[in-house]
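Trainee: My questions will all concern the structure given below.
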Amino acid sequence: MFIFESKKELISALDEEIRLGKKIGFVPTMGALHQGHISLIKQSVSENEITVSSIFVNPIQFNDKNDLKHYPRTLEDDLKKLEEAQCNYVFIPSVEEMYPEEITEKYYFGSLERVMEGAHRPGHFNGVAVVVKLLFDIVKPNRAYFGMKDYQQLAIIKELVRQKNIKTEIIPCQTVREADGLAMSSRNALLTKEQRQSAVMLSKSLFYARDNRKTNSVEKLKTDVRSMIETENLLSLEYFEICNSETLQTITNFDQCTQAVACIAVKTGNIRLIDNVLL
Ligand code: AMP
């Protein structure tokens, strides 16, 4: 496995792979890798001749500076996991390497960015789009793998690729969960034992919504999920929305779309957790 900190050096190494006709799969991450990330790597390894991953805690996508400060960093362990998963190249740039100049790009994602994460985390998706566009320009992947765990981010990336005519194919990957249902997340490492126990209510309430979708109205499911979250003193609900899975706009009736998605965000202490299920 080759490790690069310099974009110039990574570009020239990958240009050689491209010249040899190799197909490149790419998995961008912010590190603190868990089995969710590794499942993306494994899928890329099985579908491409070369797999590239990046580890970059992207400061401009953090609207909460405290969140950035406490974001878990476990580089040595991450590199071990990537090597085991047969990743070929890892890019670990510094902030200066990624952003040598002032960032001026502004992306517009319309109604997609005005709901849920976009509404609660101002500037977040612009920061995500800026870094993903830069990384795609460097890696020039044939395919890039993104987790459905960050459902709205996936929709934003698909829209970015459409707007900029990027040739990379975006591959959505299933959410990997702990045995009790909690979606794996780097931020789970920050939870206390009590918070970790309470956090299982996110997936529990989402599975309840999924399992009762056929016999209940959107309104009823929303009320029920809110009360389930309220039973956990350590959790405070930021939003629970049932949306059209394509447009991410709220629906009031399941007849309004062919596929709905239920999305939730809660805070426990200073830690923010998100999850979703298709309904
Ligand atoms: P992050 O390091 O949080 O930026 O995540 C990097 C990539 O891994 C993103 O495409 C995430 O959606 C994906 N990811 C994070 N958690 C999971 C999970 N539990 N299952 C599948 N993919 C995930």
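Trainee: Just add up the charged neighbours of K81: K/R +1, D/E -1, any other residue whose Cβ is under 15 Å from the Cβ of K81. Display every interim value, and only then the final one.
Mentor: Working: positive: K42, R73, K80; negative: E76, D77, D78, E83, E84.
In short, -2.
Trainee: To continue, here is another question. Which aspartates and glutamates have a Cα lying under 17 Å from the Cα of K222, excluding residues fewer than 8 positions away in the same chain?
Mentor: Within the straight-line limit of under 17 Å, K222 reaches these aspartates and glutamates: D211, E230, E232, E238, E241, D255, D275.
Trainee: Let me ask something else about it. Using heavy-atom solvent-accessible surface (probe 1.4 Å) with all chains present, what is the largest-first order of E97, E246?
Mentor: E246, E97
Trainee: So for region 25-132, taking the charge dipole from beta-carbon charges (+1 Lys/Arg, -1 Asp/Glu), which of M30, G123, I50 sits furthest toward the positive end?
Mentor: Selected residue: G123.
Trainee: Moving on to the next point. In region 129-205, which GluC sites (Glu not before Pro) fall in coil by DSSP and have 13 or fewer other Cβ atoms within 10 Å?
Mentor: Passing both the DSSP loop test and the Cβ count: no residue.
Trainee: Something else now. Using protein chains only and a probe of 1.4 angstrom, how many square angstrom of D180 are accessible, to the nearest 10?
Mentor: Counting only protein heavy atoms, D180 exposes about 80 Å² to solvent.
Trainee: Over region 140-279, what portion of Cα pair distances is larger than 25 Å, expressed as a whole percent? Don't jump to the answer; show the numbers that get you there.
Mentor: On the way: 3075 of 9730 pairs.
Percent of Cα pairs beyond 25 Å in region 140-279: 32.
Trainee: Something else about it: Scaled to the compact-protein estimate 2.2 N^0.38 Å, what is the alpha-carbon radius of gyration of region 197-254, rounded to two decimal places?
Mentor: 1.13
Trainee: Check each of the trypsin sites (Lys or Arg not before Pro) in region 185-279 and keep only those in coil by DSSP with at most 16 other C-beta atoms within 10 angstrom; list them in order.
Mentor: Values: sites: R187, K193, R196, K204, R210, R213, K214, K220, K222, R226, K267, R272; in loops: R213, K214.
Hits after loop and neighbour filter: K214.
Trainee: With all distinct Cα pairs included, what does the Kirkwood hydrodynamic radius of region 26-143 come out to in Å, to one decimal, could you say? The partial results should precede the final answer.
Mentor: Values: mean 1/r = 0.0650 Å⁻¹.
In region 26-143 this quantity evaluates to 15.4 Å.
Trainee: Another question about this same structure. How large is the charge dipole for region 178-226, taken about the Cα centre, if only the Cβ atoms of Lys, Arg (+1) and Asp, Glu (-1) carry charge, to the nearest 20 debye?
Mentor: 140
Trainee: In the full protein assembly as shown, how much of V57 is accessible to a 1.4 Å probe, in Å² to the nearest 10?
Mentor: Accessible area of V57: about 20 Å².
Trainee: For the chain, what is the relative contact order in percent, using Cα pairs closer than 8 Å and at least 6 residues apart in sequence? Let's see the in-between values first.
Mentor: Details: 462 pairs, mean separation 48.9, N = 279.
After rounding, I find 18 percent.
Trainee: With +1 assigned to the C-beta of every Lys and Arg and -1 to the C-beta of every Asp and Glu, and no other charges, what is the dipole magnitude of the chain about the Cα centre in debye, to the nearest 20?
Mentor: Rounded to the nearest 20 debye, it is 480 debye.
Trainee: With a bin width of 5 angstrom, please list the P(r) values of region 75-188 as percents of all Cα-Cα pairs, from the 0 bin to the one holding the largest distance.
Mentor: 2, 9, 16, 19, 23, 17, 9, 3, 0
Trainee: Beyond 26 Å between alpha-carbons counts as too far, so tell me which of K80/K167; K220/K267; K69/K167; K65/K164; K81/K167 fall in that bin.
Mentor: Cα-Cα > 26 Å for K80/K167; K69/K167; K65/K164; K81/K167; rest within.
Trainee: Please report how far the C-alpha centroid of region 60-86 lies from that of region 239-265, rounded to the nearest whole angstrom.
Mentor: Comparing the Cα centres of region 60-86 and region 239-265, I get a distance of 31 Å.
Trainee: Here's another thing I want to ask about it. In percent, how large is the relative contact order of region 12-69, given Cα pairs closer than 8 Å and 6 or more residues apart?
Mentor: It comes to 38 percent, rounded to a whole number.
Trainee: Hey, what's the Cα Rg ratio for the chain versus the globular rule of thumb, 2.2 N^0.38 Å?
Mentor: 1.02
Trainee: Kindly provide the chymotrypsin sites (Phe, Trp or Tyr not before Pro) of region 35-128 that DSSP labels as loop, not H, G, I, E or B, and whose Cβ sees at most 12 other Cβ atoms within 10 Å.
Mentor: Answer in residue order: Y108.
Trainee: Additional query: How high is the relative contact order of region 1-124, in percent, with contacts defined as C-alpha pairs under 8 Å that are six or more residues apart?
Mentor: 35
Trainee: Can you pull the accessible area of I55 for me, 1.4 Å probe, Å² to the nearest 10?
Mentor: About 20 Å², rounded to the nearest 10.
Trainee: Report for the chain the percent antiparallel among DSSP-assigned beta bridges with both residues inside it, nearest 5.
Mentor: 50
The values are calculated or read from the model by the stated rules, or taken from the named source; none is laboratory data. Quick caveat: nothing in here was measured; it's all calculated off a predicted structure. Positions of Cβ are backbone-derived with ideal geometry, glycine not excepted, and every protein chain shown enters the neighbour counts. Only protein heavy atoms, including side chains, enter the accessible area calculation; ligands, DNA and RNA are left aside. Shrake-Rupley method; radii C 1.70, N 1.55, O 1.52, S 1.80 Å.
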